[in-house]
Amino acid sequence: MKTSRVLALVALVAAFALPNNSAAQETYTPFNVNASVKTMHLWRGYKVTDDFMSAVNAYYKTESGKLTVGLWNGQSLEGDYTEFDYYFSLVLTDGLSLSVWDINNFSSYPGADIFNYTNDETSHFVDATLAYQVNDVLGVSWSTILAGRDFHYDDNGDAKNSFSNYIEANYTAYTNEDLSVGLKLGGAFAFANEAHFYGDDAFNIVNIGANVSKKVTLFGQTLPIGATAMWNPEQKYGAMELSFSLF
């Protein structure tokens, strides 16, 4: 089974790596779509899926590049992981941006109503991130879950939003024309509860990461690849992801 999935992944990457002789267009295109494949999916210290997966990102971007509105879908080859998100991102000033994602990973909610946002029933959570690029090598971000399945029960047994936060610093340690090496450190806590979306401790480091991005040439075509290693002291595990950007 694993061998067949590896062969399927290689075949897909090779298909998109075939030479493309069309000239690059510099004109503004408001709508676009990107696709990638991964050996697994890592996110903020979570192993979202251990399986091979594909991701599709379809979006609209204004001509100024300041506003992007899109849809994101992730699907594992085994079908155990399914996610369908909506998002927008807005450039506020040079280096400062805001993004809001409605993240709907319904892998564990097979019968979930996609329009139901009741926090103890929904498969959604709404996550807002304020990010600031301090300089060419250092960036910081603060993310807060505003609604959805980030909740706890109060003394009356009512489900209440926990407002979990994830704070991350990322640093570009090395870069050249074809290769980049980055480091990241992320911690989490909740405003309204001791336990939070990322763990049970009041505050803890949940994501220690390193990633390498590289451009490789296959069949005469440039193919961006990335390798990400992650350690989660809160969950006491680690993993490594390999990703291929198809287009």
Working only within region 222-237, note down all residues that are without any contact (Cβ under 8 Å) to a residue 12 or more places away in the chain and either within 16 Å of HIS41 (Cβ to Cβ) or part of a strand (DSSP E or B) (or both). THR222
Taking the residues in region 155-179 that are within 18 Å of the chain's Cα centre (by Cα) and not polar (S, T, N, Q) as candidates, determine which candidate is farthest from TYR132 (Cα to Cα). TYR166
Conditions: (1) closer than 26 Å to TYR198 by Cα; (2) surrounded by fewer than 18 Cβ atoms within 10 Å (Cβ to Cβ); (3) not hydrophobic (A, V, I, L, M, F, W, C). ASP94 meets all but one. Number of the miss? (1)
Would you check if there is a residue in region 155-174 being in contact with a His (Cβ under 6 Å, 6 or more places away or on another chain), small (Gly, Ala, Ser) and free of Cβ contacts under 8 Å to residues at least 60 places away in the same chain? yes
Within region 108-128, restricting attention to residues that are crowded, with 17+ Cβ neighbours inside 10 Å and either under 21 Å from TYR171 (Cα atoms) or of a type in the set (S, T, N, Q) (or both), which residue is farthest from the chain's Cα centre (by Cα)? ASN119
Of the residues in region 150-185, how many are assigned to a loop (DSSP other than H, G, I, E, B), polar (S, T, N, Q) and over 22 Å from LEU138 (Cβ atoms)? 2
Filtering region 64-109 down to residues that are closer than 21 Å to HIS41 by Cβ, among the acidic types (Asp, Glu) and out of contact with any Lys or Arg (no Cβ under 9 Å at 6 or more places or on another chain) yields ASP80, GLU83, ASP85, ASP102
Hey, can you tell me all the residues within region 238-247 that are of a type in the set (S, T, N, Q) and farther than 12 Å from HIS41 by Cβ? SER245
State all residues of region 22-81 that are surrounded by 15 or more Cβ atoms within 10 Å (Cβ to Cβ), over 15 Å from the mean Cα position of the chain (by Cα) and among the β-branched types (Val, Ile, Thr); if no residue qualifies, say none. THR68
Do we find a residue being over 16 Å from SER164 (Cα atoms), modelled with pLDDT of 95 or more and touching a strand residue (DSSP E or B) at 6+ places or on another chain (Cβ under 8 Å) anywhere in region 199-206? no
Pick from ALA188, ALA192: which is small (Gly, Ala, Ser), part of a loop (DSSP other than H, G, I, E, B), touching a residue at least 40 places away in the same chain (Cβ under 8 Å) and within 20 Å of VAL126 (Cβ to Cβ)? ALA192
Identify all residues within region 11-46 that are in contact with a Phe, Trp or Tyr (Cβ under 9 Å, 6 or more places away or on another chain), of a type outside the set (S, T, N, Q) and modelled with pLDDT of 95 or more; write none if there are none. PRO30, PHE31, VAL33, ALA35, VAL37, LYS38, MET40, HIS41, ARG44, GLY45, TYR46
One residue from PHE88, PHE125 being farther than 30 Å from VAL137 by Cα, assigned to a strand (DSSP E or B), at pLDDT 95 or above and touching a strand residue (DSSP E or B) at 6+ places or on another chain (Cβ under 9 Å): PHE125
Residue list for region 85-126, restricted to those being of a type in the set (Phe, Trp, Tyr) and within 20 Å of ALA55 (Cβ to Cβ): TYR86, TYR87, PHE88, TRP101, PHE106, TYR109, PHE125
Could you go through region 146-154 and let me know if any residue there is more than 21 Å from the chain's Cα centre (by Cα) and charged (D, E, K, R). yes
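The values are calculated or read from the model by the stated rules, or taken from the named source; none is laboratory data. Remember, it's a predicted structure, so these values are computed and weren't measured experimentally. When we count neighbours, we look across all protein chains shown, and the Cβ atoms used for this are built from the backbone with ideal geometry, even at glycine.
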